[in-house]
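Here's the structure we're looking at; comments come further down.
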Amino acid sequence: MTIYIFIGIYVIMIIGLSYFYSKNGSEEDYLISGRDRNEFNILASKFAGAVGVSTFITYTSYTYKFGPWGVMPLILGAVVGYSIFAFWAAPKIKQFSTIGKQFYTQGDLVRFITNNNNTRLLTNSITICIQFFWILLSLVGGAKVIAYFDLLSYETALIFTASIVLLYILFSGFKAVIITDVFQSLIILILLVIIVYNVLLNDNFSIPDLIAAQPLEPIKTKDIIGLMLYGGLSVFGLADRYQLCYAAKDAKAAKRGMSLALIPIIIVVLLLMFVGLSALKQNNTLDYDNAFIYAMQNLLSPSFYPVLLVLFFAGLMSSADTNIFAVASHASLSFAPNAPNKVQNTRWITVIAVLLATGIAFFWRSIVDITIVGAAMRITIAIPMIYIISRGNNTGRFIASTLGGVLALGIGLILFGAVPSIVILVLLGSILGCFYKSKNDTLFWG
């Protein structure tokens, strides 16, 4: 009963926050959070959107399977990629959006640079697919973890959590996403530190022992390269990063918020690494997909289960809401950008996106496979977006690079399946596409 009281209080707080900020909200508030968010709002939303229940499971699983090298390449890549995005890309994106005015989607930036509406539609179409995968990942990860602890059935947890996220997004849109992320980011970081500390406290091994643990299998060089590339490039392939830059009050807030978000993200990854190593030392016969669950069940006192469940819900909702709104806003504003009822259209598509993702999540429940496919999809648009941010305005080059990455992803999945190294193939396809050049364009604003 205590567990359900904790969850009830948490859900009421989240919905209450969203409802409070929905009163007297404008269209700009709903669609892009009023474009006045400070660096702390950007930091919290970036962190909360990047860390979800799927993150807990995936990073723990990689560590369990490959040891510390299962996550270290990701950390190294992320430090480089996030730093470049924060200090180079974020200020430019904000400046472009200020000059161009009324940027809402990732494709708006592309259209602004290339002066071509087809590039906007292509970008947003791929973005919708990418973000939809991460909706699936959030819902499946959260529901599976809750079901493992017999707190709710998988199906009930799936419907319940999807309904709560849907409700508060319908109230306030992107403003609700950012405001609730501020609250949920603090919850995630504080509770995860408490839980991991207690897991390690109940473990019989010291930290040097854990780091020296023999992994299930040695990691291949190509997988290390793939993980590093993913860590470094993936930040350029997610629409919510661009929307956060548009929502920042100025370029300085965008730069500082994005850069500082790297600190809590690294802390979380390191904490999860030790959870995975603890599970490995205790039992090396697990399905690596279950390493996080095993550690929570066997190394955490049951008295912490209410806290653990709140952590799960915070992680699930903080990442799911970001991706749901990205899908809904990109879909509604791509195909009817001048519609007089943008907010109403976005709300309807939000409902459709949640229903569709929930339906698929009933059948596709492999978290690691969904993660790898979704990660590779991010890279399909990463190189083209770097080209755009650097003011590369050749329409043919952008389209060829994008389609090259998509084609390479399809070939990689057919030939090799869902493995981290397919990121390399996607990157090569995208880079090869950059060699194509159509008749030169002029900068839309230049």
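Observations on the model:
- Among the residues of region 141-158, those identified as open to solvent by 30 Å² or more (accessible area, probe 1.4 Å), modelled with pLDDT under 80 and more than 19 Å from T55 (Cβ to Cβ) are D150, L152.
- Residue within region 382-396 that is part of a helix (DSSP H, G or I), under 30 Å from V199 (Cβ atoms) and either open to solvent by less than 40 Å² (accessible area, probe 1.4 Å) or of a type in the set (D, E) (or both) present: no
- Enumeration of residues in region 269-284 that are outside any helix (DSSP H, G or I) and either in contact with a helix residue (DSSP H, G or I) (Cβ under 7 Å, 6 or more places away or on another chain) or within 12 Å of I211 (Cα to Cα) (or both): N283
- Yes/no for V193 being surrounded by fewer than 20 Cβ atoms within 10 Å (Cβ to Cβ), at pLDDT 85 or above and part of a helix (DSSP H, G or I): yes
- Residue match in region 277-300 (condition: surrounded by 20 or more Cβ atoms within 10 Å (Cβ to Cβ) and of a type in the set (K, R)): no
Yes/no matrix, rows are residues, columns are (1) exposed (fewer than 15 other Cβ atoms within 10 Å of the Cβ); (2) closer than 23 Å to W134 by Cα:
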site: F160; (1), (2): no, yes
site: D181; (1), (2): no, yes
site: F205; (1), (2): no, no
site: A213; (1), (2): no, no
site: K220; (1), (2): yes, no
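- Flag for K144 being charged (D, E, K, R) and within 30 Å of E217 (Cα to Cα): yes
The values are calculated or read from the model by the stated rules, or taken from the named source; none is laboratory data. Remember, it's a predicted structure, so these values are computed and weren't measured experimentally. Using ideal geometry, Cβ is built from the backbone for each residue, glycine included, and neighbour counts are taken over all protein chains shown. We work out accessible area using only protein heavy atoms, side chains counted, and drop any ligands, DNA or RNA first. Shrake-Rupley method; radii C 1.70, N 1.55, O 1.52, S 1.80 Å.
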